[in-house]
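For reference, the structure is listed below as structure tokens.
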Amino acid sequence: MGVAEVVLSGLGKVYVDGTRAVADLDLEIRDGEFLVLVGPSGCGKTTALRMIAGLESVSEGSIRIGELVVNEVPSRDRDVAMVFQSYALYPHLNVYDNIAFGLTLRKLPKKEIDRRVREVAEVLELHEHLQRKPRNLSGGQRQRVAMGRAIVRAPQAFLMDEPLSNLDAKLRVQMRAQIARIQRDLGVTTVYVTHDQTEAMTLGDRVAVMKRGVLQQVGPPQELYDRPVNLFVAGFIGSPGMNLVTARLDRDDDGHHWVTVGSDALLLPESVLRARPALEGYAGRDVVLGIRPEDMEDAALADAQEGSILHSVADLVEAMGSDVLVHFPVDAEPVVTDDTRALAEDDGTADLPRGSGVVLVGRFSPRTHIYE
Ligand code: ATP
């Protein structure tokens with residue numbers, strides 16, 4: 001199976017009605033890489049994918065697949081296979097013929113087609129259903145047929161547009177693992193579009209976050225999680241999301257920097273300032289303080305010092321089986337932690353924290369962020 005890099009350079013799309021869907025997109029998807037394009041509805045991810053597939057014309061910039069700039073190459077000659085959210089199966093054809101369709105079109109020898117279809121059906125565990133029509137298949141099976149049709153063509157790249165969105169939650173998790181496994185085994189360059197950040201984080205070798213047609217950040221999932229470059233990525237990646245509270249950054253006469261949230265003042269450690277000198281420029285300004293839920297602890301239990309404490313009283317406990325989240329307002333904004341050590345011991349998770357309900361802002365870990 002061929003693999004190829006896919007390189008987008010200054011890629012842009014303006015629809016005929018003047019809508020700008022994608023702007024100046026530079027993205028290099030490496031040989032065999034699984035890249036996920038993620039962002040909220042309308043951010044232009046589908047448009048970008050459709051341009052790579054050749055289903056949408058390119059307004060600006062270029063697309064290269066392998067050695068070839070494909071801007072003017074018709075979709076069928078691009079050697080990419082697309083898997084849609086709707087599966088787009090032929091209802092009148094059985095599973096075998098649906099999978100074989102692309103090969104039949106290309107007039108491959110019958111024997112070769114048969115070998116390849118059966119091989120793929122085996123991998124996808126569809127071999128017992130080859131004679132069935134799509135209407136007699138479950139959602140998950142239909143999804144696998146759609147995958148089979150893409151795989152059997154042995155393309156240079158897979159392009160997938162929300163392929164799991166029609167499945168129920170449990171099946172989605174199963175199919176997600178299966179897609180990851182198949183992609184890894186085949187090593188085919190893959191561009192995968194989703195609005196679901198969990199899907200993006202679990203599937204992608206790298207994740208590209210888009211907002212209103214513009215790429216915000218691209219990197220391995222952990223990098224996006226630990227070092228989101230802006231407020232949008234900080235809020236979008238992670239579930240439960242990063243706590244974002246309005247604050248103010250000030251510098252005192254001794255040169256110390258303080259972050260004020262409501263009536264609490266937090267001392268900004270020198271180490272943080274050294275790591276991010278740009279923060280000095282925020283002094284005297286309103287900022288947004290971002291802290292992941294797992295970086296907040298109960299202050300009493302963590303033996304916190306003044307200058308690192310946000311005072312609040314928990315107002316809600318959310319128990320979801322293995323995860324328990326404690327909600328508390330900070331300066332009237334909702335904040336979440338997964339530190340449940342302070343929960344009342346007698347009746348477990350259902351109660352609010354005992355004691356003062358004081359909650360610590362971690363120790364400005366590398367994952368604590370301050371945005372303008
Ligand atoms: P979703 O997840 O909802 O599919 P998306 O991130 O994939 O969203 P696109 O479908 O690429 O976003 O759409 C990007 C923008 O382009 C949107 O504002 C959309 O309304 C607009 N758009 C999409 N198709 C067309 C079209 N044919 N003509 C005009 N505008 C369009």
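Rule-based calculations on the coordinates, nothing more; no lab input. Computed from a predicted structure; not experimentally measured. Note that each Cβ is placed from the backbone with ideal geometry, even for glycine, and that neighbours are counted across all protein chains shown.
In this calculation the C-beta distance from VAL16 to THR198 is compared with R0 = 35 Å, giving a FRET efficiency of 0.50. Mind jotting down the distance between the C-alpha centroids of region 264-333 and region 1-76, whole Å? Region 1-76 and region 264-333 have Cα centres separated by 40 Å.
Working ranking of peptides 200-212, 168-180, 224-236 by packing, defined as the average number of other Cβ atoms within 10 Å per residue, highest first, is 200-212, 224-236, 168-180. Would you tally the net charge around GLN217, using a Cβ to Cβ cut-off of less than 12 Å, leaving GLN217 out, and scoring K and R as +1, D and E as -1? Here the count lands on +1. For the chain, count all C-alpha to C-alpha pairs, find those more than 38 Å apart, and express that count as a whole percent of the total. When every Cα pair of the chain is considered, 34 percent fall beyond 38 Å. Taking Cα atoms only, the orientation of helix 139-152 departs from the longest principal axis of the chain by about 60 degrees.
Angle between the Cα long axis of helix 169-186 and the longest principal axis of the chain, 0 to 90 degrees, nearest 10? For helix 169-186, the angle is close to 60 degrees.
Each listed q (0.16, 0.26 Å⁻¹) maps to a log10 I(q)/I(0) for region 54-117 from the Debye sum over equal C-alpha point scatterers, namely -0.71, -1.13. On the beta carbon distance between ASP24 and HIS311, with R0 = 51 Å, the FRET formula returns roughly 0.70. Pairs exceeding 27 Å between alpha-carbon atoms, taken from LYS13/LYS107; LYS111/LYS170; LYS45/LYS133; LYS45/LYS170; LYS45/LYS111: LYS13/LYS107; LYS111/LYS170; LYS45/LYS133; LYS45/LYS111. Using a Gaussian network model on the chain with a 10 Å cutoff between Cα atoms, which of GLU162, GLU199, GLU125 fluctuates the most? Its mean-square fluctuation being the largest, the pick is GLU125. Identify all aspartates and glutamates with a Cα-Cα distance to LYS110 below 17 Å; exclude those on the same chain that are fewer than 8 residues away in sequence. Those aspartates and glutamates meeting the cut-off are ASP97, GLU119.
Computed extension gain for ASN136 through ASP331, at 0.36 nm per residue and net of the alpha carbon distance, reaches 64.7 nm. Packing around the peptides 130-137, 67-74, 215-222, taken as the average count of other Cβ atoms within 10 Å per residue, puts them in this order, highest first: 215-222, 130-137, 67-74. The phi torsions of region 84-100, fed into the Karplus equation with coefficients 6.51, -1.76 and 1.60 and a -60° offset, translate into couplings of 9, 4, 8, 6, 6, 7, 7, x, 8, 9, 7, 4, 4, 6, 5, 5, 6 Hz, rounded to whole numbers, with Gly and Pro shown as x. This model, with +1 at the C-beta of Lys and Arg and -1 at the C-beta of Asp and Glu, gives the chain a dipole about its Cα centre of some 2760 debye. Sort region 127-197 into rounded, prolate or oblate with this rule: let a ≥ b ≥ c be the square roots of the eigenvalues of the Cα gyration tensor; rounded if a/c is under 1.5, and if a/c is not under 1.5, prolate when a/b is larger than b/c, oblate otherwise. In terms of gyration-tensor shape, oblate.
Close amide H partners of ARG292, meaning residues 5 or more places away or on another chain with modelled amide H under 5 Å apart, are ASN243. If you fit an axis through the alpha-carbon atoms of helix 110-123 and take the longest principal axis of the Cα set of the chain, what angle between them do you get, 0 to 90°, nearest 10? Between helix and principal axis, roughly 30 degrees.
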